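Worksheet: the structure to be examined is printed underneath.
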Amino acid sequence: MYSYLRYLFYVLSFVLLASCSATKFVGEGEYLLDRTIIKSDNKQYESHNLKTYLHQQPNLKAFGLVKWQLYVYGWSAKNSDSRLNKVLRKIGEPPVIMDVSLVERSADELERFFVNKGYMNCVVKPSIDTSRRKKAIVSYNITSNEPYVIENYTMRFDNHEMDSIAHLKAPQRSRLEQAFRLSPEEYTPVVKEGNLFDRDLLDKERARITSLLRRNGYYAFDRENIGYLADTSALNRVSLSMVMYPYRRVNPDGTVSELPHRPYFIKDVTIVTDYDPLQPNSWLASSDSLRQDGVTIIYGRNGRSLRPNVLTGKNYLIPGGRFNERRLDRTYTAFASMSALRNMDIRFNTVEENDTMKLAAVLMATPAKLHGFGADIEGTNSAGDFGAAVGLHYRHRNLFRGSEMFSVRIRGAYEALTGMPELGDNNYWELGGEMSLSFPKFLFPFVKETFRKRISASTDFRLSYNRQTRPEYERAILSGRWGYNWQNPLASAVGYSGRHTFNLLDIDYLFLPRISSAFLDSLPDVTRQYNYVDQFIVSTGYSYYFNNYNPQYRRRNTHSLRASVELAGNTLHYISRLLNAPKNSAGKYELFGISFSEYVKLDLDFSKGIVLDNRNRFALHLAFGTAVPYGNADKIPFERRYFSGGANSVRGWAVRSLGPGSMSKDMANFITQAGDIRLDANIEYRTKLFWVMELALFGDAGNIWTIRQYDEQRYGSFDFTRFYKEIAFSYGLGLRFDFDFVLFRFDVGFKAYDPQETGMARWALSRFNFTDNFAWHFGVGYPF
């Protein structure tokens, strides 16, 4: 009882101290802006979104509850230059003093917003409550009234060709093309009869028409050449017409001429391979040039570092053809994918020949550094076992003069293991290496060059070797991969990212050079048979990743989706059946005397970020995965199984220490705590503190289960009658350091509900402690 009273005393003391310090620096006749309230009769627009239009906001609250930075600032002395005083003021935030003029400007801004949305008769009335000592509450009362609706809408241009382009219909596309289409569908009109007289929609329609025209030759056309005539004489009704203004050319004498819009054609294309922004005209003196596929290539001081066909293959601007903005964007994207280049700038020089407007395109490529070196150092903590890892890597960005990326990576890790004195050397060692070679084009036999250019894919080959040494065993993994990566070439231009990965062939050979006989004897037969024998995994997989994050719009809500499917052993199984291959004593087909795995694996991962204000946001995450063995396998290979707990999972548990299901902790070890079904659900409230520091409150839920019941994982299988009772819960606090280019994360998670306990002991909240009821994690980047 005494301890609870003591905590209550601390809380009351902090509240009293905070309330006193909040208005310490508010002068006579001034008021601290304590709160802003927006009351609107229009429920279509939420109040927290409208607050972005206010010119003055109260001091920010951590987690939306406590103005702790204001309180910290208030703890500083008024007339002191001490070091402590400077630190308090740097960490803290000065009080926001209410400014009546800014209140009026905020009301005007809110009114302007609703007028732009079609509520022409909107009225915003601010009110100020100063009844609390030195504190003010500002309310904005919004009466939107009846909106104006577009009753009639016409879009007709005098130029017949431009009018037909503006009315183009969408081309026929397959359902698959529509499903993966990220760029906006610019053939669908935005403004329609019956819509509100929303000026934002009118601007979007201008941008849509402008894009269609620029994709069909009208290089000099921009959205300012389009306007509207609106008749608002009828009550709350608008008759709207889109109009096109002529092209305005500024003459040498300063006068302006109004001319009809004309299409532009690509006169010629020149690629400069060694453009130096510090010496922008140095390439003009180069004497090493050649022509290929109608394109002039000018080489510089680095010589012919890139093959001509590689450069022309990345160019989508067609000499003699009409200017097309989409082709321009694709050219930018294609050259940006070349590892040998650091930057690409495309310039157009306008010329008029025989009353035809033409463009001379100059593609200026700045080369990147040919070689790159790097090192990684990380610390680990697995259930109290500390370790470290070091990685070294080398990159060559232009191996065969085709912008091929060759990389070599070596990694070593060490961890001091505890709890196994009977096995002697309590150390975990890992040594691995990887070589990869990436070609910036689609490589496959008998494929035409036109198809390779259209798909804009890269081809990756990868070979790796990893050797793990534990007291119980040594495990080695030799892997090889042949895959393709591609993305929508216009996704970045519209602020989205959609990436596809297709692994045509993924081979893993797992073998054990050494295993302790005592350890092997302690394992159940099924575990020994499927996890501690040599294995072949030959699979094919596809994954798709999408996100709408754009650094230019950090205040925008974001979401991402990752989906993948992997099929293993199918082809080998069918070939074995076709060749009538013999089976081993266990009734399984073999490859080089080793039974191969056969399974299907599916993963879905969804995340969403919700912005509350410029310092507070919610982050949500939901992930599900399942792997099903069949045919030539009765169990999923250990390397392909799921685990739960850790920095990116349920953070109240250390990595690989949760589940499966409600399996007893007496049966839990590194091998048995793996499953075939995974479920993770996470929520975080993130708030900015000061400098680069960020605080997060989080809650996690999830577990893993086996697809079937195994003796060594009793109560670990997925069962609809009890799985919901086996979902673990945890909560915690995280501290992050966001340096823009990298984010470091320290999370402390506490167990709330432990399905591996029994009875009331499952509710871990009743035994809060820093021994067996928590886990801390270090990570780089957000967990989701």
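For the range 72-87, the criterion of being in contact with a strand residue (DSSP E or B) (Cβ under 6 Å, 6 or more places away or on another chain), surrounded by 17 or more Cβ atoms within 10 Å (Cβ to Cβ) and assigned to a loop (DSSP other than H, G, I, E, B) is met by no residue.
Within the range 39-63, restricting attention to residues that are in contact with a strand residue (DSSP E or B) (Cβ under 9 Å, 6 or more places away or on another chain) and among the basic types (K, R), the residue that is nearest to S106 (Cα to Cα) is K51. Checking the stated criteria, G702 turns out to be at positive phi and in contact with a strand residue (DSSP E or B) (Cβ under 6 Å, 6 or more places away or on another chain). Do you know which residues across the range 221-255 are open to solvent by less than 80 Å² (accessible area, probe 1.4 Å), within 23 Å of T188 (Cα to Cα) and in a loop (DSSP other than H, G, I, E, B)? Matches in the range 221-255: F221, D222. Might you check whether a residue that is acidic (D, E) and assigned to a helix (DSSP H, G or I) occurs anywhere in the range 315-328? Scanning the range 315-328 turns up at least one residue that is acidic (D, E) and assigned to a helix (DSSP H, G or I). Listed by position, the strands (runs of 3 or more DSSP E) inside the range 123-174 whose residues that are farther than 30 Å from S47 by Cα and in contact (Cβ under 8 Å) with a residue 60 or more places away in the chain number at least 2 are 149-155. Taking every residue in the range 257-268 that is touching a residue at least 12 places away in the same chain (Cβ under 8 Å) and closer than 11 Å to F323 by Cα and pairing it with any residue that is open to solvent by 80 Å² or more (accessible area, probe 1.4 Å) and polar (S, T, N, Q), at least 6 positions away or on another chain, the pairs with Cβ-Cβ distances below 9 Å are K267/N349. Reported count of residues in the range 718-734, each being farther than 22 Å from A668 by Cβ and crowded, with 21+ Cβ neighbours inside 10 Å, is 1. Of the residues in the range 584-601, none is over 16 Å from V533 (Cβ atoms) and open to solvent by 60 Å² or more (accessible area, probe 1.4 Å).
Scanning the range 611-650 for residues that are of a type in the set (A, V, I, L, M), open to solvent by 10 Å² or more (accessible area, probe 1.4 Å) and closer than 18 Å to G702 by Cβ yields a total of 3. Filtered by the rule that a residue be of a type outside the set (F, W, Y) and either in contact with an Asp or Glu (Cβ under 8 Å, 6 or more places away or on another chain) or modelled with pLDDT of 95 or more (or both), the range 207-219 gives R208, I209, T210, S211, L212, L213, R214, R215, N216, G217. Under the condition of being within 19 Å of T366 (Cα to Cα), open to solvent by 50 Å² or more (accessible area, probe 1.4 Å) and among the polar types (S, T, N, Q), the residues counted in the range 292-335 number 2.
For S289, the test of being of a type in the set (S, T, N, Q) and either farther than 25 Å from S458 by Cα or open to solvent by 50 Å² or more (accessible area, probe 1.4 Å) (or both) is passed.
Considering R714, R686, R722, the condition of being in contact (Cβ under 8 Å) with a residue 24 or more places away in the chain, of a type in the set (K, R) and in contact with a Lys or Arg (Cβ under 6 Å, 6 or more places away or on another chain) is satisfied by R686 alone. Do we have any residue at all in the range 287-299 that's touching a strand residue (DSSP E or B) at 6+ places or on another chain (Cβ under 8 Å), hydroxyl-bearing (S, T, Y) and in contact (Cβ under 8 Å) with a residue 12 or more places away in the chain? The answer is yes, given that some residue of the range 287-299 is touching a strand residue (DSSP E or B) at 6+ places or on another chain (Cβ under 8 Å), hydroxyl-bearing (S, T, Y) and in contact (Cβ under 8 Å) with a residue 12 or more places away in the chain. I'd like to know if the range 735-751 contains one or more residues that are touching a Ser or Thr at 6+ places or on another chain (Cβ under 8 Å) and either open to solvent by 30 Å² or more (accessible area, probe 1.4 Å) or aliphatic (A, V, I, L, M) (or both). Looking through the range 735-751, none of the residues is touching a Ser or Thr at 6+ places or on another chain (Cβ under 8 Å) and either open to solvent by 30 Å² or more (accessible area, probe 1.4 Å) or aliphatic (A, V, I, L, M) (or both).
Of the residues making up the range 336-348, none is over 30 Å from L431 (Cα atoms), assigned to a loop (DSSP other than H, G, I, E, B), without any contact (Cβ under 8 Å) to a residue 60 or more places away in the chain and not acidic (D, E).
Summed over the range 230-282, residues that are hydroxyl-bearing (S, T, Y) and under 40 Å from the mean Cα position of the chain (by Cα) total 5. Would you mind stating whether W776 is open to solvent by 70 Å² or more (accessible area, probe 1.4 Å), out of contact with any Gly (no Cβ under 8 Å at 6 or more places or on another chain) and over 23 Å from D605 (Cβ atoms)? No, not satisfied. Scanning the range 187-220 for residues that are open to solvent by 20 Å² or more (accessible area, probe 1.4 Å), under 29 Å from R322 (Cβ atoms), among the polar types (S, T, N, Q) and touching a residue at least 40 places away in the same chain (Cβ under 8 Å) yields one hit, N216. Entry remark, the range 427-482: residues being over 26 Å from the mean Cα position of the chain (by Cα), open to solvent by less than 40 Å² (accessible area, probe 1.4 Å) and hydrophobic (A, V, I, L, M, F, W, C) number 3 in total.
What residue, among those in the range 438-486 that are farther than 30 Å from L512 by Cβ and assigned to a strand (DSSP E or B), is modelled with the lowest pLDDT? Taking the candidates together, the pick is W486.
Among the residues of the range 396-420, write down those that are open to solvent by 50 Å² or more (accessible area, probe 1.4 Å), more than 25 Å from T312 (Cα to Cα) and modelled with pLDDT of 90 or more. Matches in the range 396-420: R409, I410, R411. Annotation: of all residues in the range 338-367 being open to solvent by less than 70 Å² (accessible area, probe 1.4 Å) and farther than 23 Å from L278 by Cα, the one that is nearest to the chain's Cα centre (by Cα) is L359.
Considering the range 88-130, the residues that are of a type in the set (V, I, T) and farther than 30 Å from F25 by Cα include one that is surrounded by the fewest Cβ atoms within 10 Å (Cβ to Cβ), namely V123. Residues in the range 34-51: is at least one outside any helix (DSSP H, G or I), in contact (Cβ under 8 Å) with a residue 12 or more places away in the chain, more than 30 Å from N141 (Cα to Cα) and hydrophobic (A, V, I, L, M, F, W, C)? No, because not a single residue in the range 34-51 is outside any helix (DSSP H, G or I), in contact (Cβ under 8 Å) with a residue 12 or more places away in the chain, more than 30 Å from N141 (Cα to Cα) and hydrophobic (A, V, I, L, M, F, W, C). Can you spot a residue in the range 377-391 that is open to solvent by 60 Å² or more (accessible area, probe 1.4 Å), out of contact with any strand residue (DSSP E or B) (no Cβ under 9 Å at 6 or more places or on another chain) and at pLDDT below 80? No, the range 377-391 contains no residue that is open to solvent by 60 Å² or more (accessible area, probe 1.4 Å), out of contact with any strand residue (DSSP E or B) (no Cβ under 9 Å at 6 or more places or on another chain) and at pLDDT below 80. Among residues of the range 271-285 that are within 10 Å of G300 (Cα to Cα), those with a beta-carbon under 7 Å from a residue that is assigned to a loop (DSSP other than H, G, I, E, B) and acidic (D, E) at least six positions away or on a different chain give the pairs S282/D276; W283/D274.
The values are calculated or read from the model by the stated rules, or taken from the named source; none is laboratory data. For clarity, every value in this text was computed on a predicted model and none was experimentally measured. Neighbour counts are summed over all protein chains in view; Cβ atoms, including those assigned to glycine, are modelled from backbone coordinates with ideal geometry. When the accessible area is computed, the model is the full protein with side chains, heavy atoms only, and any ligands, DNA or RNA have been set aside. Shrake-Rupley method; radii C 1.70, N 1.55, O 1.52, S 1.80 Å.
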